Every structure is written in C-alpha cells, then in structure tokens.
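To keep things clear, I will list the structure first and then write my remarks on it.
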Amino acid sequence: MKKILKQIAVLAVATPMLTGCIEETFPTSGVTTEQVTESSKSLESIVKGMPAYMKQYHIWSTNAFDFGYPSVFIALNVMTNDMIQPYNGYQHFMYWQQAQISLDPDYLLSQINWYYLNFQVKAANEVIGMLVEPKSDAEVRYLAEALAYRASTYIDMARIYEFLPNETISGVNSLGNDVTGLTVPYVTPEMTSEELTNNPRQPHEAMSAKLIADLTRAEELFQSTSSVRESKVFPDLAVVYGLMARVYMWDENYPKAAEYARKAISTGSYSPLTQSEWFDKSNGFNNSSFNSWMWAIQYESNDDPVVSGQNANWTSFMSPECNIGYSGQRGCNMMIDAALYTSINDADWRKLSWKAPTGSALSGQEPFINASKGSSIMTYAGIKFRPGGGELADRSVTFATAIPLMRIEEMYLIEAEAVAHTNPAQGKQLLESFMQNYRYPTYSCLASDTEGVIDECFKQKRIEFWGENVIFFDYKRLNKGVTRAYSGTNWPAEAQFNTNGRPGWMNLPFVEYEGNFNKGVEGYLNPAVGDKFKPA
C-alpha cells in the first residue's frame, strides 16, 4: 500500500484556524458564512450542513480511508480487540490496527482525524453563531440540534484524545509536560481571536461541565418548541438524553448516567431491534426507519462517497456481501475476533451476524443475501451491515446506506452497567431483563459481584455494537486490555498485541502543527504512540 509520508506542508496552506485565529471555509461542498448571506434559505442550508459534513469525502487526502465520520468509526474499531481488517493488499485501516508510526503528531493520519473532527465542530458553531436569539419554533429547534451536534463531536474528541494512564507510554511528553487528563480545546462562536490563539486543552472536569451545560440548554430548547426534526439525521430530545448518558459514563458519574439513559428510553417511541429487523436482507443496519435507531448518518445516491469510483465509503468496507467495494469485491472482509465469537452463546441469534467456521453448530445457518456469495467470504466476516436495499452491485443503491449514530439498545446497556457500579444485583437484573426480552430468553448473567456484572455488560456491548461507534470508548474508560495473540487467533501477525489494561495507542496523538496557531496547546501534545508495540 501507499506509504504515508510526513505532510505538514499540506495543511500549512489549508487550515490554520480551527482552534487558531484565521477564518477558514469548509473544504469541498461545505457551506460558508458568506454563502449564507446570499441565500434566502441560508439558515436552513447551514443547518443541513451539519449532517452533510459527517459524510464529507477526501477532506485532507485522496486516500480510501478518508471519508468523514464513518471512517473514524472504522479506525477506532480496529484499535480494539473486536474488529479485524485482514491483510490482502487492501488493508487501508492497518495503520490504526497496528498503531503504526503514521499515527504520530507529525504525520498525515493525525492531521486527518484531528482537523476533520474540528471542522465538524465548526459546522455546528456556524449554526450556533447565527442563532444568538432564536425567533421562531424552527430556529429554537435548529439551535438545540446544533448544540447536540457540537456536544456529540466534543464528547468523542474528549474520549479519543484524553490521555489516560497505561503500561507502555508515560503521560509526560517529550517536553516534560504531563498531559494526563487533558482533552481538547473547546471552541465557541463568540470567542475572540486572542482566545482562539491561546486556547488550551480542557481538563476532563472542565470539558465535562461544558458538555453538560450545552446539553442542558439543548434539552430546555427542545422542550420549549413544538417544531419537530425533519429526519433522523438530526438529533431530538431523546438523543440529547443519550448524549448526557454518554458524558456521565465518561465522567464515571454512574448514578447520573443511569438516570439519563432511562430518560432516553422513556422519551419518544424507541424500541430495540427484533431478530427479523436485525437480519433484514434489504434493510438490516442500513436503514434508519427502525424504531431502535435514534440518530443516523444517511448517504444519498448522489453523495461523493457513493458515486466515486474509489469505493471510499462505509458500505464498501463493512459489507462483504456486495459485489463491489473493498470488502465485497476485493475480499478485505471485516471480521470479529475469533475468541469473542466463540464466547457468544449459540442461543444468541446475534451470533449469526458473522460467518461461522465450517463444521461448527451455526455453519450454514447464516442469513446471507446470496448463498453463493456467502460461501466466498472469510470465516468470522461480519454480515451485520447490509448493502443498501439488499442490492449487491448498483453503487447508487448499494452504497446509499444509513449508519447508526445512536441506538436505544445502548441506553439499556449503559443503564445496566451504570447501576452495577453501585448495586451489582440490580445491574444484573437490568442486564438480564434486556437480554431475555430482546435478545434470547434463556440468557443468564452468571456473575453477581460488581466487577463480574460490569464485565458482562461490557461483553454484551462488544457483541451488540460490533462495528458501531461505541466500544472503543468503553475499552478506554474501563481500562480493558486487548488479547490478540492466542492459540487460534485470527489477527494478522503484525497486529497481535497483548496489553495489560487499556492500550497506550488509545490515547491518540493530534497534529503537531496545531501548536503553531494555538499557543495554548504548544508543548502539551499527547506523546507519540507509533511503533511502540511489538507483536507478542
């Protein structure tokens, strides 16, 4: 594959301002403030720019792994113990899977992730800055949506970049500064140039407080308007409660996390996926219409990642049943870790989301769209994410899928784990209730102690949210190690790392160049992680 080289100069002319001082327009098809003033539907256009930016394509490079927020999901997943990209010549996410030197602050990959997420914040700030005093129901809703978008991006950024202790890499960086517990700079539309050019990384507690304040305001705004969202690409009140639950889990304020997870469950008409919905050959995990889905990204048939010949999009990588794309055509099938697969009870119908080993009890029972195609994909390949409409080769349909940003199932499992931290018996009961009612009736949690129930909640999240933007954050928060080197492993030899506790690579570095424009972070970058880990 193409070697990733140092490319600091690429961004020197492209983006000096995210936490700095120089105004910058969105790349490609984003909407600028200047364009807003020229359109009678300016505010509506800016609002629609928020979900549109989540699926931006080739933001800072022409690499196949550069297709916006969904590509961040894949990168984070292959950094855990759960999702594997095999090496057959098309392994575009191997840099993250192996924690290669390409992730370090003076390389392109750190730039792509860092600047993409900051521009996603900017998309929300464009809306917030225009609605200092919302005058209509619709404007109140727009502001609430924008606050939720910004908080959602910042909670992900905070969890990705916060430096937490680990066995391999010290929190004291090469300049002697301790960055433990530092997250990211926080940007608002009203900040002055002086504030933007000296905007330090927020400590954990300060970032948590800012996010809860933003989400509380969004809650109040949603409660005060009768205007309803246009589609699930926009958040609603239940999503705000779900985001608050995520923030409180990250903050380890477990009583509050349980409280807001329950509020999310009780708000709206969401319900967990049924077995038939999960395995729907036309709509399974590609359609947001199911009641489980609270919030989603939606690719349209004319979106750049869909129409491009490079196949740089979510379905290309995540759906091996296609006849096009990196997984379907090139055979680079995303797989589940063999040990995790083996640990799933055969009575749990979710186990059919992956191709079973030949001769095993479930082999031949997988609900493939096409049996012949199913026979050609790799053992342990995930078939959870179906091509659009079940269409295998028409890219305008196959790749025009929805991707979940939040499902109601997450709230049930947040509630169970959060309660288990203080009352393991009640947490166990909540977990068993969810599993028996919605997954398989014979389920029983064998653990009864606090650690055991928490571990079981963690395991069920690994199964439930495989491939989604969930489990990386639980690995990091719960200080869970990875075990990739073992007898019978299906991890590539180059990625067979075993760690005690959270891997140091989960404290992602961000671009060194940021310090040139924001003196608040100068000298306070995360330590490099690349090539610090050797296969077991």
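The table below lists the values:
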{"quantity": "Accessible surface, per residue, of region 86-219 when the full set of protein chains is kept, probe 1.4 Å, Å²", "calculated": "32"}
{"quantity": "Spin-label model distance (nm) - Glu195 vs Glu451, 7 Å beyond Cα toward Cβ", "calculated": "4.5"}
{"quantity": "Residue among Ala447, Leu76, Ala371 farthest towards the positive dipole end of the chain, charges placed on Cβ", "calculated": "Ala371"}
{"quantity": "Solvent-accessible heavy-atom area per residue, rounded to whole Å², over region 256-301 at 1.4 Å", "calculated": "38"}
{"quantity": "Using a Förster distance of 30 Å, the FRET efficiency for Ser226-Thr274 (Cβ separation, nearest 0.05)", "calculated": "0.45"}
{"quantity": "Among Ser289, Ala52, Thr216 - extreme Cα towards positive end, dipole of the chain, charges at beta-carbon", "calculated": "Ser289"}
{"quantity": "Cα-centred dipole magnitude for the chain, charges only on beta-carbon of K, R (+1) and D, E (-1), debye, nearest 20", "calculated": "1220"}
{"quantity": "Contact order normalised by residue count of region 272-426, Cα under 8 Å, 6+ apart, percent", "calculated": "35"}
{"quantity": "20 Å Cα-Cα threshold exceeded, pairs from Lys48/Lys256; Lys55/Lys210; Lys55/Lys256; Lys459/Lys480; Lys281/Lys461", "calculated": "Lys48/Lys256; Lys55/Lys210; Lys55/Lys256; Lys281/Lys461"}
{"quantity": "Candidate aspartates and glutamates for bridging to Lys519, where Cα separation is under 13 Å - those fewer than 8 sequence places away on the same chain excluded", "calculated": "Glu194, Glu195"}
{"quantity": "Kirkwood Rh, Cα atoms: Rg over Rh of region 405-463", "calculated": "0.94"}
{"quantity": "Dipole of the chain [Lys/Arg +1, Asp/Glu -1 at C-beta], most positive-end residue of Phe234, Phe67, Val184", "calculated": "Phe67"}
{"quantity": "Of (1) 75, 57, 48; (2) 65, 51, 50; (3) 70, 52, 43, the label for Cα extents along the principal axes in Å derived from the coordinates", "calculated": "(2)"}
{"quantity": "Within the accessible area of the chain (1.4 Å probe), percent carbon and sulfur", "calculated": "49"}
{"quantity": "Nearest-20 debye value, region 95-249 charge dipole, Cβ charges on Lys, Arg, Asp, Glu", "calculated": "280"}
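The values are calculated or read from the model by the stated rules, or taken from the named source; none is laboratory data. Please read these numbers as outputs of a predicted model, since none were measured by experiment. Quick reminder, even Gly has a Cβ in these numbers, built from the backbone with ideal geometry, and neighbours come from all protein chains shown. Quick note on the areas: whole protein, heavy atoms, side chains included, nothing else; ligands and nucleic acids left out. Shrake-Rupley method; radii C 1.70, N 1.55, O 1.52, S 1.80 Å.
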